[in-house]
Amino acid sequence: MQVALKIWRYDSSTGERALREYEFDAPEEATLLDCLDIVKERQDGTLAYRKSCRMMICGSCGMRMNGAAVLACKVRMYEIAQAGEVPVISAMGNLPIVKDLVVDMDSFWQKFKAMKPYLQPGYEEPEDGREYRISQERMNAVHKESLCVNCGCCVSECIAMESDPEFLGPQALAKGMRFVGDPRDAATVERLEEYSGEHGIWECTRCFFCNERCPKGVDPRDAIAKLGAEAIKEGIDRDMGAKHAKWFIRSTETTGWLRETELVPKTQGVVSSVKQMKFAMKLISHNKAGLAFPPHVAADVGEARALHKLVHEQGRLGFEGHVQGERALAKLAHGYKEGRDPYAPGSFPRPYLPEGEA
C-alpha cells in the first residue's frame with residue numbers, strides 16, 4: 001500500500017523545527033511503527049523515536065498522531081492509507097522534546113518513584129514458610145491498574161499537567177492505586193496522606209482524556225477517583241477538593257440535586273464565602289443563585305437514598321464501590337445478560353474446544 005506521513009522534526013540542541021512529509025510503500029499489515037522503520041531505513045536515517053517490544057507491552061513507542069497520544073505499534077495503517085489520509089506524527093505532550101519523537105522522561109519517572117511503587121508488606125508470613133496467598137477476588141481491585149505499561153500516553157494528554165507541571169499526573173496516581181488497593185500493603189493511610197497533598201489527587205480536572213487515550217484500558221481517571229473515595233473513607237478530607245466531593249454526595253442523598261448556594265461555604269469555608277458576597281449578590285439579582293426555600297427535592301430522591309443505604313449496608317465504601325461498578329460495566333460492554341450464553345453472537349469469541357466437547 002502507498003503510505004504518506006507528516007512528521008514533526010525537532011532538535012532541542014539547535015531549536016530547529018520542521019514538518020516534513022514522507023511517501024513510501026509498506027505492507028498492508030504495517031503499523032505506524034513499521035512505517036517509521038521504513039522511513040528511517042530507506043529515506044532518512046536521522047529520524048529519532050523509541051521502540052522495543054513492538055507488541056504493546058513495553059510502552060516505549062508512545063507518540064501523537066493527529067494530536068492524540070497512541071502507541072505506534074498498536075496503530076494499523078491500512079484503513080488510514082486507503083482513505084488517502086496523511087496523518088501528522090509528533091512527540092507526546094507535557095514532556096520536553098529531546099529530538100523528533102523522543103521526549104525526556106525524567107519528570108515522568110520522578111513522579112513514578114514518588115508513589116513508592118513497591119509493596120510495603122503488612123501481613124504475617126505463614127508458619128510453614130510457604131507463600132502468602134491472596135484470592136483472585138481481592139486482587140481484582142487493582143486489576144486495571146496492574147495493566148499499566150508506563151507508556152506516558154495519559155500524561156501526554158493531561159490538561160491538569162498542562163496547567164501545573166507539578167501535578168503528580170494520571171500515570172503516577174494510577175500506580176499509587178495499584179498499591180493502595182493491594183490487600184497485602186500496610187501503608188494505605190500513609191500513601192493516601194501523601195497523594196492527597198498539593199499537586200495530588202484533587203488537582204485532577206476530570207477531563208477523562210487519560211481514559212480515552214490509554215492504550216491498555218487502565219483508565220487512570222478511574223484510579224484517581226478510587227484514591228479520592230478511599231481517602232475520604234479514611235478521613236483524609238482536608239483538601240478543598242475532598243470537601244467539594246463530600247458535599248456533592250450529601251446533596252444527592254438529601255435532595256437529589258446539587259445545592260450550589262451551599263457549595264461554596266461547605267467547600268471553601270465561611271470566611272471565603274463572605275469575601276464572595278458581592279459576586280453572590282450579582283447572581284441573586286440575575287436570578288442565577290438557585291435560591292429556593294424549602295430546597296427543591298427531586299421526584300425520585302428515594303432511589304438515590306436507597307442506593308446510599310445499600311452501599312453502606314454492603315460495606316462497599318472507598319474504592320470497593322468503584323471496583324464493583326467496573327465489573328458490572330465490563331459485563332455490559334460484552335453484551336452480558338442474566339442467564340444467557342456469554343459466548344453468544346455479538347459477545348467475545350468462543351474459546352477453542354476439541355470436537356465433541358463444545
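The values are calculated or read from the model by the stated rules, or taken from the named source; none is laboratory data. Since the model is a prediction, treat every value here as computed from it, not as a measurement. Cβ sites come from the backbone with ideal geometry, for glycine too, and all protein chains shown count toward neighbours.
For the residues 308, 244, 322, the requirement of being in contact with a Phe, Trp or Tyr (Cβ under 9 Å, 6 or more places away or on another chain), assigned by TED's automatic domain parsing to the domain that holds residue 193, part of a helix (DSSP H, G or I) and on the phi < 0 side of the Ramachandran plot singles out 244. Residues that are part of a helix (DSSP H, G or I) and surrounded by fewer than 24 Cβ atoms within 10 Å (Cβ to Cβ) within segment 142-155 comprise 142, 145, 146, 147, listed in sequence order. Candidates are the residues of segment 122-141 that are among the small types (Gly, Ala, Ser) and closer than 27 Å to residue 170 by Cα; the one that is surrounded by the most Cβ atoms within 10 Å (Cβ to Cβ) is 141.
If you take the residues of segment 69-85 that are exposed (fewer than 15 other Cβ atoms within 10 Å of the Cβ) and of a type outside the set (Asp, Glu), which of them is nearest to residue 217 (Cα to Cα)? Filtering first and then ranking leaves 76. Within segment 221-253, the only residue that satisfies the criterion of being in contact (Cβ under 8 Å) with a residue 24 or more places away in the chain and of a type in the set (Ser, Thr, Tyr) is 252.
Within segment 166-189, residues that are under 16 Å from residue 202 (Cα atoms) sit with their Cβ atoms under 6 Å from residues that are of a type in the set (Val, Ile, Thr) and buried (at least 23 other Cβ atoms within 10 Å of the Cβ), at 6+ positions apart or across chains, in these pairs: 169/155; 171/155; 173/224; 174/218.
The set of residues in segment 164-184 that are at pLDDT below 95 and either among the basic types (Lys, Arg) or outside any loop (DSSP other than H, G, I, E, B) (or both) contains only 184.
For segment 291-302, which positions are assigned to a loop (DSSP other than H, G, I, E, B) and modelled with pLDDT of 80 or more?
Answer for segment 291-302, where residues must be assigned to a loop (DSSP other than H, G, I, E, B) and modelled with pLDDT of 80 or more: 297, 298, 299, 300.
The set of residues in segment 217-240 being surrounded by 18 or more Cβ atoms within 10 Å (Cβ to Cβ), part of a helix (DSSP H, G or I) and out of contact with any Gly (no Cβ under 6 Å at 6 or more places or on another chain) consists of 220, 221, 222, 223, 224, 225, 226, 227, 228, 231, 232.
Say we look at segment 185-211 and pick out the residues that are of a type in the set (Ser, Thr, Tyr) and part of a helix (DSSP H, G or I); which of these is nearest to the chain's Cα centre (by Cα)? Full working, then the answer.
First, pick out the residues of segment 185-211 that are of a type in the set (Ser, Thr, Tyr): 188, 195-196, 205.
Narrowing the set further to residues that are part of a helix (DSSP H, G or I) leaves 188, 195.
Numbers: 188: 20, 195: 15 Å.
The selected residue is 195.
The residues of segment 2-39 that are over 17 Å from residue 88 (Cβ atoms), loosely packed, with under 15 Cβ neighbours inside 10 Å and not hydroxyl-bearing (Ser, Thr, Tyr), listed by number, are 2, 15, 16, 25, 27, 28, 29. When every residue of segment 183-199 is checked against the conditions, none turns out to be in contact with a helix residue (DSSP H, G or I) (Cβ under 6 Å, 6 or more places away or on another chain), crowded, with 17+ Cβ neighbours inside 10 Å and under 22 Å from residue 328 (Cα atoms).
Across segment 195-218, the number of residues qualifying as touching a residue at least 40 places away in the same chain (Cβ under 8 Å), closer than 20 Å to residue 107 by Cβ and of a type in the set (Asp, Glu) comes to 1. Listed by first and then second residue, the pairs linking a residue in segment 125-145 that is free of Cβ contacts under 8 Å to residues at least 12 places away in the same chain to a residue that is surrounded by 14 or more Cβ atoms within 10 Å (Cβ to Cβ) and among the basic types (Lys, Arg), with Cβ atoms under 8 Å apart and 6 or more places separating them unless they lie on different chains, form an empty list.
Candidates are the residues of segment 5-19 that are aliphatic (A, V, I, L, M) and touching a residue at least 12 places away in the same chain (Cβ under 8 Å); the one that is farthest from residue 39 (Cα to Cα) is 19. Of the numbered criteria (1) outside any helix (DSSP H, G or I); (2) surrounded by 11 or more Cβ atoms within 10 Å (Cβ to Cβ); (3) at pLDDT 80 or above, the one residue 288 fails is (3).
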